[in-house]
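Q: Got a structure here, written out as structure tokens. Questions coming.
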Amino acid sequence: MAAVQRTVIENGAVATVDARDTEYATGHVVIAGNRIESVGAGAAPGGLENVVRRIDASGHLVTPGLVNTHHHFYQWITRGLATDHNLFDWLVALYPTWARIDEEMVRAAANGSLAMMARGGVTTAMDHHYVFPRGTGDLSGAIIGAAREMGVRFTLARGSMDRGESDGGLPPDFAVESLDDALAATEDTVRRHHDPSADAMTQVAVAPCSPFSVSTELLRQGAELARRLGVRLHTHGSETVEEEKFCHELFGMGPTDYFESTGWLGEDVWMAHCVHMNDSDIAAFARTRTGVAHCPSSNARLAAGIARVPDLLAAGVPVGLGVDGTASNESGELHTELRNALLVNRLGAHREAALTARQALRLGTYGGAQVLGRAGQIGSLEPGKLADLVLWRMDTLAHASIADPVAALVLGAAAPVTASFVDGRQIVEDGRLLTADEDAIARATRDEARRLARIATGG
Ligand SMILES: [Zn+2]
């Protein structure tokens, strides 16, 4: 058996994001194979064998890799459209275009979304994909293949929509699947791609899109399917006042009560947004350990409101961060969401006490790992965990004069990534991807965006 190879990272500041928020002004991290072997103050332990690489992290902050908990990769090729709309108007404007996507478009968009996040310190990505036009190829396979090739840890949330306009839903009928097709395809995707092991690079979740685009039966049977297969559940919830009104009109109750009635609260569930939550909704999430993906930029872009993150955290609800689809957050970056989460929440009721810089970093790392059900393996720098970590450069013009490196990362300009490791493998060096050609991806996404626009306008 070959001896395990070690990478030693020394001389940098280290924010472990462990349970006690342990930090080292100058510390080390040792990677052995795909796991973290040691983390601590000062230099690495002496006498280590099979050290294949030593990295001098002077002038850097080392953190766990960022974990994205909500995204729609395909939207990478429909950015910059419907820029002054609320959620429902924006959806209605974009559904007809989205319904024309095919496998090549989805592959290009996945590459663009993944590349943008990976070069900004994301080591675990997720894609909530819910548009499956008939006869357009293996979209799930294309997305999973893109993540695998880029070397990013990944959860595909296999989405679905079966409530078209004629059933009182928001999407046009031609953009939805049937209940049976959606369930069968979701089960097939789990069986083909979900890896339940601790080291998994690919996992699959069951993810009907939202209360206003799926039937009650799809929610109910989707929850049963996920629990039968032992995978997690994801959807959108309580995003806007319009959604709240929709639920009251159609179901006679608010979104959280509706989710509870369909089996959609639980420690195996995480939900995007959760902006419009009253105290009893928050208590229900806390009681059931239902997780939340907080997407501050998207919520601002669509004028959805400010999620009550300080109240969710105080109640004990697991909260992670999400980019959300890039048709409602054109930047596509997660490291800037650390800053936006802090700033947006300070505009809410809790003002300056809303979130600290360290809480913002925790949302983007450990909190994300919690809502993806992987807190035992990723999200903090601790011996035995998977080696997903980032070296942020802090000694250039943008950050060199900021006293506290965690404050510099969260409050300062988007920090350059000197190195990013996933599963012990380096995928970013000096802000460039080592596992993909960014320029080729940029060209492909531009071409596919133009092709989609041509098809959508009938040209
Ligand atoms: Zn979303």
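Any read-out appearing in this document is the output of simple, stated calculations on the displayed coordinates, not a laboratory observation. All values derive from a computational prediction rather than experimental measurement. A quick note on method: Cβ atoms are made from the backbone with ideal geometry, for glycine too, and the neighbour counts reach across all protein chains shown.
Q: List the extent of the Cα atoms of segment 125-180 along each of their three principal axes, largest first, rounded to whole Å.
A: Sorted largest first, the three principal extents are 42, 21, 17 Å.
Q: Quick one: what are the phi-derived ³J(HN,Hα) couplings along segment 166-182, Karplus 6.51/-1.76/1.60 with θ = phi - 60°, whole Hz, x for glycine and proline?
A: Karplus values, whole Hz, x for Gly and Pro: 5, 9, x, x, 8, x, x, 4, 6, 9, 10, 9, 7, 3, 5, 4, 4.
Q: Relative contact order for the chain using alpha-carbon pairs under 8 Å, separation at least 6, rounded to a whole percent?
A: 20 percent
Q: A follow-up question, please. Scaled to the compact-protein estimate 2.2 N^0.38 Å, what is the alpha-carbon radius of gyration of segment 217-289, rounded to two decimal places?
A: Relative to the 2.2 N^0.38 Å estimate, segment 217-289 comes out at 1.06.
Q: Arranged by the count of other C-beta atoms within 10 angstrom, fewest first, what order do Leu265, Leu409 take?
A: Leu265, Leu409
Q: With a cut-off of 8 Å between alpha carbons and a minimum separation of six or more residues, what is the relative contact order of segment 342-442 in percent?
A: It comes to 18 percent, rounded to a whole number.
Q: With angles folded into 0 to 90 degrees, how steeply does helix 241-251 sit against the dominant principal axis of the chain? Use alpha carbons for both and round to 10.
A: So the inclination is approximately 50 degrees.
Q: On a 0 to 90 degree scale, rounded to 10, what angle separates helix 335-346 from the longest Cα axis of the chain?
A: For helix 335-346, the angle is close to 70 degrees.
Q: I've got another one for you. Can you give me the long-range amide H partners of Ile55? Hydrogens built in the peptide plane at 1.01 Å from N, cutoff under 5 Å, separation of 5 or more residues or another chain.
A: Val8, Ile9, Glu10
Q: Just from its helices, what would the mean residue ellipticity at 222 nm be for the chain, if runs of 4 or more DSSP H residues each count -39500 (n - 2.57) and the sum is divided by every residue, rounded to the nearest 500 deg cm²/dmol?
A: Value at 222 nm, helices only: -10500 deg cm²/dmol.
Q: Using only the Cα atoms, what convex hull volume per residue in Å³ does segment 66-371 have?
A: Taking only Cα atoms, segment 66-371 has a hull volume of 112 Å³ per residue.
Q: If one takes the longest principal axis of the Cα atoms in the chain, at what angle in degrees, from 0 to 90 and to the nearest 10, does the Cα axis of helix 103-118 lie?
A: Approximately 40 degrees, to the nearest ten.
Q: Taking the Cα centre of segment 66-371 as origin, sum charge times position over the Cβ atoms of Lys and Arg (+1) and Asp and Glu (-1), and report the length of that vector in debye to the nearest 20.
A: 1100 debye
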